[in-house]
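Down below is the structure, laid out as structure tokens.
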Amino acid sequence: MISTTDTAVSERKLAVAAPNAPATAFDVGVNGKLPPGQLIVLGFQNIFGMIGMFVFPGILGQSMHLPLEQVAYLYGMTFMISGLVTAAQTVWILKLPIVHGPYVGSFTALLTLGAMPNGGLSVAFGSAFVACLIWFLLAIPIRGRSVCGFFVRYMQSPMISGVMVLLTMVQLASASVPGWIGERQSPGYPLVNFLCGVIAVAVLIAVTLSGGKRLRRAAMLIGAAVGTLCYAAVIPISFGKVAQAPWIVTPQIFPFGLAVRPDVVVVFLLVLVPASIGSMVLYQLVGGWTHEKLTPARMSGGLMSAALGGMLASTLGAFSTFPYPDNIALLRSTRVASRFAVLSAGLLLVLLGACVKFDMLLVLVPTPILSAVATLLFGIVMMHAIHHLAPVEWDETNLIIAGFALLLGIGGLFVAGDTLQGLPLILRLLLRQAVVTGGVPLIVLHSLLVRDKHQQNA
């Protein structure tokens, strides 16, 4: 474990953003205030940037053959947990404009484990609760030291942080692009889905580049709205689910039952580790953009709050939450880094989560439209990661480390389904986590081969 004192931090730079990021990168800074109307617009835009919010509960419900009422409950709890964690991070802990939403790794694990003959959602959510509790305890700084501080040591290398962001974006691309095209049995597959997504992206680009400050802040909402209208003109959108959903969601304690299996706890812990590493990378990315000093203790607090949110989510039957890269990309596209805008998103999420009918209205936005917009936003974050790799001295050692880790992480996503079925459960899950299969070798090789801690350029 590494010291989390400010002295240790001063020895290295913690900015993961593009080196020498200009002070004028944002029109509104972290503590900048905005009129209520703009806060609401930006809040809704951040909500629409959370593609997992609209996709994960529905897919899990369909896969588990849950009744409509339980699917609506999943949506409500997912909104509320995401809103609570987001609000807490912006006001009390990190004090950064970072939106938390349902984590793809948690969703994948719940989907896989929930379908197991000897598992089910009771084992999945119960084991996830225990894993989040363990990770919360590991994140607590004791005498200035924490397990998280160990990871911070490596996140300060531009090569490691840049490659980790690339691995995260690659994994997300495996969900965003297929979601844009849609499944073969989906109504708009493939032409309507693709063309309407293209229209949404084109509008988003046009408004972002030439819409001025005010329109730029609503660019994603405008793009999603235009894409949805085009989609609805060809394929009518049904409001049946809205009519059937209840008005107010009632939280329930372990609604799917409670059971714990040690091996499943290990799986969720292995999922949480790369998510936490990726979170610290994104913390530093935003901290570098906004010139905020992020000590390891401050980042540990952020991870502790995420773990607490995961415990609450598991208790209520929802997904663990972590920072969303596409919402971080919105900071640069809107040029608004105000944490109060993100706070408004958190409060709106809580309100919307409490009203199931309104949740279902938002869900009516076609998945291909959201996926197309997310593809653009993921690309923005990926290019910032590539730009961040520019100052790295690409000698033979660094080429070996980065190249091997990237190909290993990406390659795991292409392992055939039949091959996966013959592997143990833990390996099946981890091969779908590019940040694990690529990130762990990246850190191990860097610690073994890079002798000089300061060989990376600042």
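The values are calculated or read from the model by the stated rules, or taken from the named source; none is laboratory data. A quick note: this is a predicted structure, and the numbers were derived from the prediction, not measured. Ideal geometry is used to build each Cβ from the backbone, glycine not excepted, and the neighbour counts take in all protein chains shown. Areas reflect the complete protein model, heavy atoms only, side chains present, ligands, DNA and RNA absent. Shrake-Rupley method; radii C 1.70, N 1.55, O 1.52, S 1.80 Å.
General remarks:
- Using a probe radius of 1.4 angstrom, the carbon and sulfur fraction of the accessible surface of the chain is 68%.
- The stretch 288-393, relative contact order in percent, only Cα pairs under 8 angstrom and at least six apart counted: 27
- With both residues required to sit in the chain, DSSP beta bridges show an antiparallel share near 90%.
- Based on DSSP H segments of at least four residues, each scored -39500 (n - 2.57), the chain has a per-residue ellipticity at 222 nm of -22500 deg cm²/dmol.
- The stretch 415-449-the stretch 184-241 distance, computed between alpha-carbon centres (Å): 35
- Packing, taken as the mean count of other beta carbons within 10 Å per residue, orders the peptides 337-346, 384-393 from highest to lowest as 337-346, 384-393.
- Out-of-range pairs (alpha-carbon distance over 27 Å; input Lys33/Lys213; Lys95/Lys213; Lys213/Lys241): Lys213/Lys241
- For the chain, the relative contact order is 35 percent, taking Cα pairs closer than 8 Å that sit 6 or more residues apart in sequence and dividing their mean separation by the residue count.
- Structure-derived percent of Cα pairs over 30 Å apart: which label, when the choices are (1) 41; (2) 55; (3) 59: (1)
- Largest accessible area first, the listed residues His100, His65 line up as His65, His100 when surface is computed with a 1.4 Å probe on the assembled protein chains.
- Solvent exposure of the chain as accessible area per residue, Å², 1.4 Å probe: 40
- Taking the stretch 228-359 and dividing mean pair separation by its residue count, relative contact order in percent (alpha carbons under 8 Å, at least six apart): 42
- Long hydrophobic helices in the chain: the complete DSSP H runs spanning 20 Å or more by Cα along their own axis with mean Kyte-Doolittle hydropathy of at least 0.5 are 68-91, 121-139, 158-181, 191-210, 219-234, 262-290, 296-316, 339-354, 367-388, 396-412, 434-449.
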